[in-house]
Amino acid sequence: LEHGITINADNLDELERIDDILGGRSKPSLSVVGLRINPIITGGTQSMYAVSSTPTSKFGHPLHTPSSRKLVVDAFLKYPWLNAVHAHVGSAGTSIKMLAEGAAKVVHLADEIDAACGCVRIKMLDIGGGLACSPATDEVTPKWGDYAEALRAAAPTLFSNKSRRVFTEFGRSMMLKSGMIVTRVEYAKEPELSGAAEQLRTAVVQCGADLMMRKCYNPGNNSHRISVYDEAGNDLTGEREVVTHNIAGPLCFAGDYLQKGVELPRLQEGDYVVIRDCGANTLSTFSRHCSRLPPPVWSFVKED
């Protein structure tokens with residue numbers, strides 16, 4: 001508020017705190033202040049990331065009943081400095097249809113608030129992020145153009161109402177395919193298993209739940225393509241016998257695995273494991289567990 005930064009309050013109680021701060025200032029704040037609402041959009045394939053699916057979500061003020069919706073409109077009538085609405089439906093596993101439906105509910109609420117206030121009150125709509133990004137191939141799917149088409153169909157005034165600015169919060173869909181992790185095999189262990197039909201080889205690498213926190217702590221909802229190379233950088237595909245591997249990280253707990261039961265050319269000390277699509281939710285969530293230091297980051301620019 002002191003520096004005019006745009007902020008979104010999470011709930012009605014937070015609006016009271018903001019009002020107390022603004023009341024003690026000698027001059028008005030230049031901040032755009034919004035309220036985050038929970039539009040109650042059900043669906044999605046990963047419940048952990050569907051942050052607006054129930055009224056009991058920890059995020060935003062729910063619009064699950066007429067009385068709860070009226071509280072939002074009343075807040076805009078009460079606080080003249082409140083002039084924006086925000087919603088974020090979810091992240092991974094959230095469909096374009098769900099995102100567009102959430103944006104439409106934000107628009108409808110903003111129209112209702114403008115009507116109640118008798119003026120163009122809502123200056124900004126923040127429709128959040130959450131556009132998925134497929135890790136299965138190098139192709140970026142779905143595309144932002146697909147999302148734009150869904151928005152035009154569900155909430156056309158997002159594009160035509162010139163009195164409102166529209167903000168998004170794209171993160172994963174922008175960054176995921178811009179990064180990869182290269183980690184070296186420190187050790188490869190393959191104990192003899194009595195009576196086992198198939199041996200299991202464990203490759204211990206220098207990257208685990210410190211850098212790939214979501215993958216290691218919630219492996220069922222996070223997948224990454226893996227390729228392997230020898231110490232000279234040669235692709236090992238077709239060069240060695242393919243065996244079943246567990247790719248283990250360096251941390252001191254039994255859940256520190258990047259991948260389990262993956263079929264790869266037989267890895268050995270000094271080989272490199274390359275993990276694709278790591279430009280999001282990796283370095284930004286780095287954990288200092290076991291006093292780990294963040295890895296170096298190398299940037300490359302492709303020239304035309």
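The values are calculated or read from the model by the stated rules, or taken from the named source; none is laboratory data. All figures in this text were calculated on a predicted structure; none of them were measured in a lab. So basically every Cβ, Gly included, is an ideal-geometry build from the backbone, and we count neighbours across all protein chains shown. Surface areas here come from the heavy atoms of the whole protein model, side chains and all, with no ligands, DNA or RNA. Shrake-Rupley method; radii C 1.70, N 1.55, O 1.52, S 1.80 Å.
Quick notes on this one:
- Label-to-label distance, nm, for residues given as ILE21 and THR141 (7 Å Cα→Cβ offset): 4.4
- The overall shape of segment 193-258 is oblate: from the C-alpha gyration tensor, with semi-axes ordered a ≥ b ≥ c, the ratio a/c is 1.5 or greater and a/b is no larger than b/c.
- Taken one residue at a time, the phi angles of segment 279-293 give Karplus couplings (6.51, -1.76, 1.60, θ = phi - 60°) of x, 9, 6, 10, 4, 5, 10, 4, 10, 8, 3, 6, 6, 6, 9 Hz. Gly and Pro are set to x.
- Sulfur and carbon atoms: percent of accessible area, segment 1-122 [1.4 Å]: 56
- DSSP-loop trypsin sites (Lys or Arg not before Pro) across segment 137-244, with at most 11 other Cβ within 10 angstrom: LYS162
- Residues whose amide H falls under 5 Å from that of SER53, counting only those 5 or more places apart or on a different chain, are ILE41, with hydrogens built in the peptide plane.
- Rounded to the nearest 20 debye, dipole of the chain from Cβ charges on Lys, Arg, Asp, Glu: 1120
- Ranked order, TYR79, TYR272, TYR229 - accessible area, probe 1.4 Å, largest first: TYR272, TYR229, TYR79
- Mean Cα-pair separation over length for segment 1-89, i.e. relative contact order, pairs under 8 Å, 6 or more apart, %: 33
- Förster radius 30 Å - calculated FRET efficiency between CYS117 and LYS162 (Cβ-Cβ, nearest 0.05): 0.95
- Charged neighbours of ASN161, selected by a Cβ distance under 15 Å, balance to +2 (K, R count +1; D, E count -1).
- For segment 1-108, the solvent-accessible area works out to 50 Å² per residue, with a probe of 1.4 Å and every protein chain left in place.
- Gain on full extension, evaluated as 0.36 nm per residue between SER287 and ALA254 minus their Cα-Cα distance, stands at 10.3 nm.
- Proximal charge balance of LEU22 [Cβ under 14 Å; K/R count +1, D/E count -1]: -1
- Within segment 131-210, the GluC sites (Glu not before Pro) that combine a DSSP coil assignment with at most 15 other C-beta atoms in a 10 angstrom radius are GLU139, GLU169, GLU192, GLU198.
- The local environment of GLY34, defined by Cβ-Cβ distances under 10 Å, has a net charge of +1 under the rule Lys, Arg +1 and Asp, Glu -1.
- Over segment 258-299, accessible surface divided per residue gives 58 Å², non-protein components excluded, 1.4 Å probe.
- The chain: DSSP helices with Cα axial extent of at least 20 Å and average Kyte-Doolittle hydropathy no lower than 0.0: 96-117
- Gyration tensor (Cα) of segment 123-198, equivalent ellipsoid semi-axes in angstrom: 46, 15, 11
- Protein accessible area in segment 161-304, 1.4 Å probe - carbon and sulfur %: 51
- For the chain, the relative contact order comes to 14 percent (Cα pairs under 8 Å, sequence separation of at least 6).
- For Rg/Rh (Cα atoms, Kirkwood Rh), calculated from these coordinates, the label among (i) 1.03; (ii) 1.09; (iii) 1.06: (ii)
- Low-density loop cleavage sites - chymotrypsin sites (Phe, Trp or Tyr not before Pro) in segment 160-198, where at most 16 other Cβ are within 10 Å (DSSP): PHE170
- Structural size metrics of segment 162-284, computed from C-alpha coordinates, are Rg and Dmax of 17.2, 72 Å.
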